[in-house]
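Quick notes on the structure that follows.
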């Protein structure tokens with residue numbers, strides 16, 4: 001028979017409540033550590049200086065002296081702050097390259113990591129559209145190449161190069 005915990009503890013003097021508290025506390029700490037492994041620190045926190053170099057705290061960055069000096073100079077430059085508000089991130093960091101080359105190169109390298117996932121998703125979506133029930137083919141490489149190509153076909157030249165077939 002299961003008792004309420006308080007009744008059980010009142011009846012049985014052999015159970016030490018402090019031992020139970022210690023075991024529960026240890027278990028909760030282990031669960032907390034395990035849970036943190038599923039949700040690691042947000043990696044975007046390390047790149048706040050790329051998203052907005054004018055509001056980032058210099059103390060939080062782990063930069064060498066050269067990069068630290070460049071970001072301090074950049075954050076005080078009102079012309080670049082105005083340019084930052086009117087341009088995309090990539091355009092801004094390319095424009096900054098002449099005056100702050102090390103800082104610009106570090107930012108651009110970090111920004112170039114993200115297009116690869118876009119291209120992968122685009123390829124997967126294209127393949128999903130090609131491989132429907134009606135168009136189920138074993139080899140989709142040619143169809144994928146045409147669908148993912150950035151080159152616009154020159155339809156007039158293609159049509160003129162093919163000989164017309166006469167009907168019987």
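Between 73, 46, 19, 13, the distinction of being part of a helix (DSSP H, G or I), loosely packed, with under 10 Cβ neighbours inside 10 Å and free of Cβ contacts under 8 Å to residues at least 60 places away in the same chain belongs to 19 only. Only one of the numbered conditions (1) closer than 30 Å to residue 148 by Cβ; (2) surrounded by fewer than 11 Cβ atoms within 10 Å (Cβ to Cβ) is violated by residue 32, and that is (1). Screening 121, 81, 99 for residues that are surrounded by 10 or more Cβ atoms within 10 Å (Cβ to Cβ), at pLDDT 80 or above and part of a loop (DSSP other than H, G, I, E, B) leaves exactly one candidate, 99. Filter the stretch 125-139 for residues that are surrounded by 10 or more Cβ atoms within 10 Å (Cβ to Cβ) and either in a helix (DSSP H, G or I) or modelled with pLDDT of 75 or more (or both) and give the result. Correct list: 125, 126, 127, 129, 130, 131.
Taking (1) assigned to a loop (DSSP other than H, G, I, E, B); (2) modelled with pLDDT under 80 in turn, residue 116 satisfies each apart from (1).
The values are calculated or read from the model by the stated rules, or taken from the named source; none is laboratory data. In this text the structure is predicted, and so the values were computed from the model without any measurement. Every residue, glycine among them, receives a Cβ derived from its backbone with ideal geometry; neighbour counts consider all protein chains shown.
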